[in-house]
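Just below is one structure, and these are the notes that go with it.
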Amino acid sequence: MTERPITDQPTASAAAAALQNRSVRIDIVRLIGLLVVVAGHVWVQYPIGGYVAIFFVLSGYLWSAKRSVLEDLRYQSWKLLIPYFAWLAILAVPYFARALTGTRDEVSLGSRALDLLWGGERATSPFTAFWFMTAIFVAAILFRVLMLAPRWVYYSCLALALAASIFDEQLLVGLPFAVDVGAVAILFLAAGHAYRKIEPKVGRFYAGAAAVVVVCGVLVATGTSARMTLKSGDFGTPVLSIAVAVLIALAAMSLARPLANALPEKAGRAISRIVQMGTPIILLHAVPLWLLPDSVPQIAEFVAACIFPVLVALALLRFPDSLARRTLMPDKGHHLL
């Protein structure tokens, strides 16, 4: 299946071939997820947070049994941790330069450095979304371990994760690198993996998927399903907010199928090309939001937050075999996001 990730790091030529073989349907869902993440950090007054969960669901949907735990540690480290620490080091330079030249406040440079090293919810703008990389790393490795465990261990851990999401204020204490969030996020991976198994039996009920989106949208808009803030370990309304996020992700995958079939080939390639830039978009979209003054209209912030990481990614794509490209934006033939 072209939607499943591969094990080894692709060469530049292999990456070009992989771009041709990507699932446009899945890339449409990824693109929607990227836009929602950026929009959620711009229009913070609306309940559109927490739906980075769509990437966790996709990770479970595309899970492959081909790798061992050690192989997956290497694979996930290459595509998640290496760019995480590389971009952290690069952005730390302007971050501390601005802190040194800006208005003095009660937050010391030592405290700022500790927060960056700790990661998770303590890493603030422009590191707003960095928590996602470490959380999905933890979730992916933990899920692989659980898939090798007896079924009773697997389901027991899912039950514990659900309990932690219900009592998030008491149990999720802001561990370094968002480890606690990643441990609970196995719920999203499990949902995506289960859907992959039953999808052929479900069929293509596009009207039903559209109805799911409408109902979930109403639940979110009315506050019945409270906004999730995964970065801080807030899973919203117990059980319901997780269920809504999962249902939206699954409905999006269903509705993306006819759209992918209707798109011209060039449009599909363009979408896959943008999604190939997923790592810079996730990690760098907050940089313009950090630099722009509060007086800038939110639509301008959104455009800047989308364009800036794409420009960085295009610059990296000009040097496909460079260390910078391999470190900062690993090839996306393996469907990172």
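The values are calculated or read from the model by the stated rules, or taken from the named source; none is laboratory data. Keep in mind that this is a model prediction, so the values were computed, not measured. Note that each Cβ is placed from the backbone with ideal geometry, even for glycine, and that neighbours are counted across all protein chains shown. Ligands, DNA and RNA are excluded from the accessible area calculation, which covers all protein heavy atoms including side chains. Shrake-Rupley method; radii C 1.70, N 1.55, O 1.52, S 1.80 Å.
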Note to self: Considering only the stretch 13-28, I want to know if a residue exists there that is at pLDDT 90 or above, within 17 Å of residue 280 (Cβ to Cβ) and surrounded by fewer than 19 Cβ atoms within 10 Å (Cβ to Cβ).
What the structure shows: no
Notebook entry, point to check: When residue 62 is evaluated against the numbered criteria (1) farther than 16 Å from residue 131 by Cα; (2) out of contact with any Pro (no Cβ under 9 Å at 6 or more places or on another chain), which criterion, by number, is the only one it fails?
Noted result: (2)
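Which of the following residues is of a type in the set (S, T, N, Q), open to solvent by 30 Å² or more (accessible area, probe 1.4 Å) and under 20 Å from the mean Cα position of the chain (by Cα): 222, 229?
Only one candidate passes the filter, namely 229.
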Notebook entry, point to check: For residue 1, all conditions in the list (1) out of contact with any His (no Cβ under 7 Å at 6 or more places or on another chain); (2) modelled with pLDDT of 85 or more hold save one; what is the number of the exception?
Noted result: (2)
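Sort through 177, 167 and tell me the only one that's of a type in the set (Phe, Trp, Tyr) and touching a helix residue (DSSP H, G or I) at 6+ places or on another chain (Cβ under 8 Å).
177
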Notebook entry, point to check: Restricting attention to the stretch 271-293, does a residue exist that is over 27 Å from residue 88 (Cα atoms) and open to solvent by 50 Å² or more (accessible area, probe 1.4 Å)?
Noted result: no
Margin query: Whether any residue in the stretch 99-109 is modelled with pLDDT of 85 or more, open to solvent by 50 Å² or more (accessible area, probe 1.4 Å), more than 30 Å from residue 276 (Cα to Cα) and among the hydroxyl-bearing types (Ser, Thr, Tyr) is what I want to check.
Written below: no
Notebook entry, point to check: Got a sec? Which helices (runs of 4 or more DSSP H) wholly within the stretch 27-123 have at least 1 residues that are basic (Lys, Arg) and on the phi < 0 side of the Ramachandran plot?
Noted result: 69-76, 82-101, 109-118
Margin query: Would you confirm whether or not the stretch 196-205 contains a residue that is open to solvent by less than 20 Å² (accessible area, probe 1.4 Å), farther than 30 Å from residue 176 by Cβ and touching a residue at least 40 places away in the same chain (Cβ under 8 Å)?
Written below: no
Check: Restricting attention to the stretch 154-172, does a residue exist that is on the phi < 0 side of the Ramachandran plot, among the hydroxyl-bearing types (Ser, Thr, Tyr), open to solvent by 30 Å² or more (accessible area, probe 1.4 Å) and outside any helix (DSSP H, G or I)?
Finding: no
Check: Taking the stretch 301-321 on its own, how many of its residues are assigned to a helix (DSSP H, G or I), more than 16 Å from residue 279 (Cβ to Cβ) and touching a residue at least 60 places away in the same chain (Cβ under 8 Å)?
Finding: 2
Next item on the list: Could you please find all residues in the stretch 38-56 being touching a helix residue (DSSP H, G or I) at 6+ places or on another chain (Cβ under 7 Å) and open to solvent by less than 20 Å² (accessible area, probe 1.4 Å)?
Entry: 38, 39, 42, 49, 50, 52, 53, 54, 55, 56
Check: Is it the case that residue 303 is under 20 Å from the mean Cα position of the chain (by Cα), open to solvent by 30 Å² or more (accessible area, probe 1.4 Å) and at pLDDT 90 or above?
Finding: yes
Next item on the list: Within the stretch 143-153, count every residue that is surrounded by fewer than 19 Cβ atoms within 10 Å (Cβ to Cβ) and in a helix (DSSP H, G or I).
Entry: 6
Notebook entry, point to check: Any residue at all in the stretch 128-137 that is at pLDDT 90 or above, outside any helix (DSSP H, G or I) and open to solvent by less than 10 Å² (accessible area, probe 1.4 Å)?
Noted result: yes
Margin query: On the basis of being within 21 Å of residue 121 (Cβ to Cβ), part of a helix (DSSP H, G or I), in contact (Cβ under 8 Å) with a residue 40 or more places away in the chain and in contact with a helix residue (DSSP H, G or I) (Cβ under 8 Å, 6 or more places away or on another chain), does residue 220 make the cut?
Written below: no
